[in-house]
Every structure is written in structure tokens, then in C-alpha cells.
Amino acid sequence: MQQLHAYWRMEYIQAPRYPAALKRPFTDLPAMGDDRAALIVYRSRLSYLVLNRYPYNPGHLLAVPFREVSDLDQLTPAGRADLMETMTFAKRLLGATLKPDGYNLGFNLGSAAGGSIAHLHGHIVPRWNGDNNFMPVLGQTRILPESLERAWEKLSAAAEKLRKKAKGRGKK
């Protein structure tokens, strides 16, 4: 058997997932006052985009309403519209920065569906042709070629450019 050495991964493995003081991460993260530390790359009026700390692929974003609810039908129509616009913005953002070949978008509603945090959130996962290799199947390991901090730098800078460009056209 050959050995796979990825010594740089230890920094990621040992990094704290959320500050210990966060009891309800999706409510507490926007209140931190430090979007870089929180990994928030974009804020709309009623929701925000944050890098997933347990990503399926590089650039895996979560669209989260500021208001803590556990299901889509608990949002107001304006809240649902804003959340969908935020997910659409995420797709444009990932397309402009990472240039994926496709996307997985969706919600895990309830623990039986894989929802690990009760606060409603949508997943925006960039996908590339051939991005599924043997590691997740045989090694139960995902390979992330870029740190969350570097991804935040790229995505937050691109989000600001896209926001300014949209304002110039009279959109959100």
C-alpha cells in the first residue's frame, strides 16, 4: 500500500471550527463584527453568505437568513425572496472567481435529511468535472486545495466588485 502525505492538512484539521463562545453559530456569526473571522463573504438585507467550515468542495457557501428559523415556510415572502437572491448571487460569485463546471444547490431540512444545525441554511456547492476522486470513496477524506482564509479573501473581494457592478445597473 502506498502512503499519501499531506502534511499541510494538519493546520486545517486542528483549526477551531467555531469560536467556543458561539452557541448558535448562524445567529452569532453575523454579530461577531468581524466578517473575516466569521468567514462571511456577503451580506444582503435579510440574509448572508458564509463559507462552510466543513466544505464538500472548495468554495462551498451557505446562504443563511439573519432571522433564526428552521424551515422555509417560517420565512416571510420577502425573506424567501432575499434568500433565493442571495443564493443566486452566490452562484454568480463562484462563477466569477472559481469558474466551476456546475453547482449543487439545496437545503437539508430536519435531522433525517442531514441537517446538523436547526437554523435554516442553503448550500451552494461548486462542482468541477472529475472533482470526485477516490479519496472520499475509499479514504473517507476530502481534498481541499485552498485554505478557508484564502477562499474568504478571494470571494469577499469578488463579492464587493459584483455588488458595485449590480448597483451601477440599479440592482441589489
| message | For the structure I just gave you, tell me whether PRO16 is modelled with pLDDT under 95 and not in a helix (DSSP H, G or I). | response | yes
| message | Out of everything in the stretch 134-153 that is over 20 Å from ARG43 (Cβ atoms) and not in a loop (DSSP other than H, G, I, E, B), what residue ends up being modelled with the highest pLDDT? | response | ARG150
| task | Could you pull out the residue among ARG92, ARG36, ARG53, ARG45 that is basic (Lys, Arg), surrounded by 13 or more Cβ atoms within 10 Å (Cβ to Cβ) and either assigned to a helix (DSSP H, G or I) or at pLDDT 95 or above (or both)? | result | ARG92
| message | Looking at the structure I just gave you, is ASP71 out of contact with any Ser or Thr (no Cβ under 7 Å at 6 or more places or on another chain), under 20 Å from ALA158 (Cβ atoms) and among the acidic types (Asp, Glu)? | response | no
| Is at least one residue of the stretch 154-163 of a type in the set (Lys, Arg), modelled with pLDDT of 85 or more, assigned to a helix (DSSP H, G or I) and more than 19 Å from the chain's Cα centre (by Cα)? | no
| said: So ASP131 passes all but one of these: (1) at pLDDT below 90; (2) surrounded by fewer than 16 Cβ atoms within 10 Å (Cβ to Cβ); (3) charged (D, E, K, R); (4) assigned to a loop (DSSP other than H, G, I, E, B). Which condition number does it fail? | reply: (2)
| query | So which residues in the stretch 20-39 are of a type outside the set (Lys, Arg) and either within 17 Å of GLY79 (Cβ to Cβ) or touching a residue at least 60 places away in the same chain (Cβ under 8 Å) (or both)? | reply | PRO25, PHE26, THR27, PRO30, ASP35, LEU39
| query | Out of the residues in the stretch 57-87 that are more than 20 Å from ALA38 (Cβ to Cβ) and surrounded by 16 or more Cβ atoms within 10 Å (Cβ to Cβ), which is modelled with the lowest pLDDT? | reply | ASN57
| query | Looking at the stretch 76-111, which of its residues are out of contact with any His (no Cβ under 9 Å at 6 or more places or on another chain) and closer than 22 Å to LYS23 by Cα? | reply | LEU109, GLY110, SER111
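The values are calculated or read from the model by the stated rules, or taken from the named source; none is laboratory data. All of these numbers come straight from a predicted model, not from anything done at the bench. In this analysis, Cβ positions are derived from the backbone assuming ideal geometry, glycine residues included, and neighbour counts consider all displayed protein chains.
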